[in-house]
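Asks: Structure in structure tokens, see below.
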């Protein structure tokens, strides 16, 4: 079973050296005093919790799973106790406003904590993770009375929250949902319907669960324009904040899942449950995106966690497993065979997972930095620019990082050979847990349509230009730096090609709108590789400067440079396949009549 060690040095590299977070915090009102020492102290304590509390119950939680009994759900042994320690440590409140009981620290620090808890135990991390979307939705769209009743216990972690969106016939097409909300004399609503795939929908960790539910009011327009959003507590809350009687919402069953066994994925039945409108009537979908965007970034973190966990497990095994001799001659002749880490193909798999973990870390922390600016700096020009970039990069991060996280999980398992397929080694759990990440909170295809259709083409490419301009300025600044040429020259070429490809796809879409759907996934993956190339180039610049100054930790910076070189030479060329494929045309997909699809 692989042990988890928090990658503190790499997190510090991203936070302090690549993204200069302490300087960034000086621009955020109320966070000016957060310095390197503060960040490191939080990182150290969160690492201890992840390594010593969460990691030891990861495999046992997967093996035991959750149990259902007449609507009641029991989590695996140790999960409830770990959550109590999480609340005792004040972790749920770290990134929320002091006005609602939070500590007022930036969301980017919360992202750092989410990575640590997620890699050590993804199933457990989903219980507090789902609460953040509920909290942000209530804080953004709730009335003062709703904030008073629901926010403080959520922020303190005494209650948890969920997102109850889809139904069995809907999938991603929420315009088809049938859950009803009937107005009541007391100003509330009776919510009736069934929701599926509700993560952490029922469990034994807290006394109350606050469900954020999409439903239709009587006479509402058809489709997405007729959806409203409601707060539906598991236990009704009295005006003084105390808990009243049980609401008419119940877990009908647990889904029998491929992975994330330690998390309760529930079918939730609402039988005239008391609910309360949050936000304007029939505007629920727009309000929903308050937590959906946060959920997408959170799912991108899972891609990072999958890659990091797979790399750590495979690296440890590859250094110990003896098999065959190096083709260049014995490396450890005193042993009966060499460790498999000497073999080029094992190195390929390890370095791929390593690169996707480190590139993903930079990307999701960069997104969290942009989110800080949007959240704290209001209507400033800097905040507006950050919002454009965040909107563009969120679907890229969610889809690209989960796809590459799953690839990394499979490669990590492959390093073990047949042992990777055996449960006791822990690698197949990473694969099973990672598989859902490309599906929930919007599949890869949905993210790709959002990116290419809504974020790029519908803005006439303006959102893309905002980001490619940043890449251009970085490349321009380093154009005369010979030691950066191996990174800058290909990055400049791809940055230009990105715009050219966008123009070609857009022109083709004017003739056939199916061209967008046909090109979209390849377009997103292309975008992901270029985005991470930009971040790896920044990391390479930091590392080269540190080495030139004779900074300590030479081995670390040299390894950073090597990983960047590996990404550019071995992974970035995948962009050319994606470029060719996205221009292949919709006809290669749509040309076969439906009735000719046969088996």
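Asks: (1) closer than 14 Å to residue 351 by Cβ; (2) surrounded by 12 or more Cβ atoms within 10 Å (Cβ to Cβ); (3) more than 26 Å from the chain's Cα centre (by Cα): which one isn't true of residue 569, the others all being true?
Replies: (2)
Asks: Right, here's the next one. Any chance the range 135-149 includes a residue that's within 28 Å of residue 373 (Cα to Cα), within 17 Å of the chain's Cα centre (by Cα) and not assigned by TED's automatic domain parsing to the domain that holds residue 434?
Replies: Yes.
Asks: Does the range 241-275 hold any residues that are in contact with a helix residue (DSSP H, G or I) (Cβ under 7 Å, 6 or more places away or on another chain) and crowded, with 21+ Cβ neighbours inside 10 Å, and which are they? I'd like the intermediate steps shown before the answer.
Replies: First, the residues of the range 241-275 that are in contact with a helix residue (DSSP H, G or I) (Cβ under 7 Å, 6 or more places away or on another chain): 241, 258-263.
Residues satisfying the conditions are 260, 261, 262, 263.
Asks: How many residues are touching a strand residue (DSSP E or B) at 6+ places or on another chain (Cβ under 6 Å) and either closer than 20 Å to residue 402 by Cβ or surrounded by fewer than 24 Cβ atoms within 10 Å (Cβ to Cβ) (or both) when one looks only at the range 135-156?
Replies: Final tally of qualifying residues: 2.
Asks: Restricting to helices (runs of 4 or more DSSP H) lying wholly in the range 412-488: which have 3 or more residues that are in contact (Cβ under 8 Å) with a residue 40 or more places away in the chain and within 20 Å of residue 499 (Cβ to Cβ)? Outline the logic, then answer.
Replies: Values: elements: 427-435, 444-449, 462-477.
Qualifying helices (runs of 4 or more DSSP H): 462-477.
Asks: Can residue 301 be described as touching a residue at least 12 places away in the same chain (Cβ under 8 Å), more than 30 Å from residue 192 (Cβ to Cβ) and surrounded by 23 or more Cβ atoms within 10 Å (Cβ to Cβ)?
Replies: yes
Asks: From (1) surrounded by fewer than 24 Cβ atoms within 10 Å (Cβ to Cβ); (2) in contact with a helix residue (DSSP H, G or I) (Cβ under 6 Å, 6 or more places away or on another chain); (3) assigned to a loop (DSSP other than H, G, I, E, B), pick out the condition that doesn't hold for residue 336.
Replies: (2)
Asks: Please state which one of 190, 215 is part of a strand (DSSP E or B), surrounded by fewer than 23 Cβ atoms within 10 Å (Cβ to Cβ) and either touching a helix residue (DSSP H, G or I) at 6+ places or on another chain (Cβ under 9 Å) or modelled with pLDDT of 95 or more (or both).
Replies: 190
Asks: Of 99, 95, which residue is closer than 30 Å to residue 377 by Cα, at pLDDT below 95 and not in a helix (DSSP H, G or I)? It would help to see each step written out before you state the result.
Replies: Numbers: 99 fails: not in a helix (DSSP H, G or I).
Matching residue, one of 99, 95: 95.
Asks: Could you please let me know if residue 407 is within 23 Å of residue 569 (Cβ to Cβ), within 25 Å of the chain's Cα centre (by Cα), surrounded by fewer than 22 Cβ atoms within 10 Å (Cβ to Cβ) and modelled with pLDDT of 95 or more?
Replies: Values: within 23 Å of residue 569 (Cβ to Cβ): yes; within 25 Å of the chain's Cα centre (by Cα): yes; surrounded by fewer than 22 Cβ atoms within 10 Å (Cβ to Cβ): yes; modelled with pLDDT of 95 or more: yes.
Yes, satisfied.
The values are calculated or read from the model by the stated rules, or taken from the named source; none is laboratory data. Everything numeric here is computed off the predicted structure, so don't read it as measured data. Cβ sites come from the backbone with ideal geometry, for glycine too, and all protein chains shown count toward neighbours.
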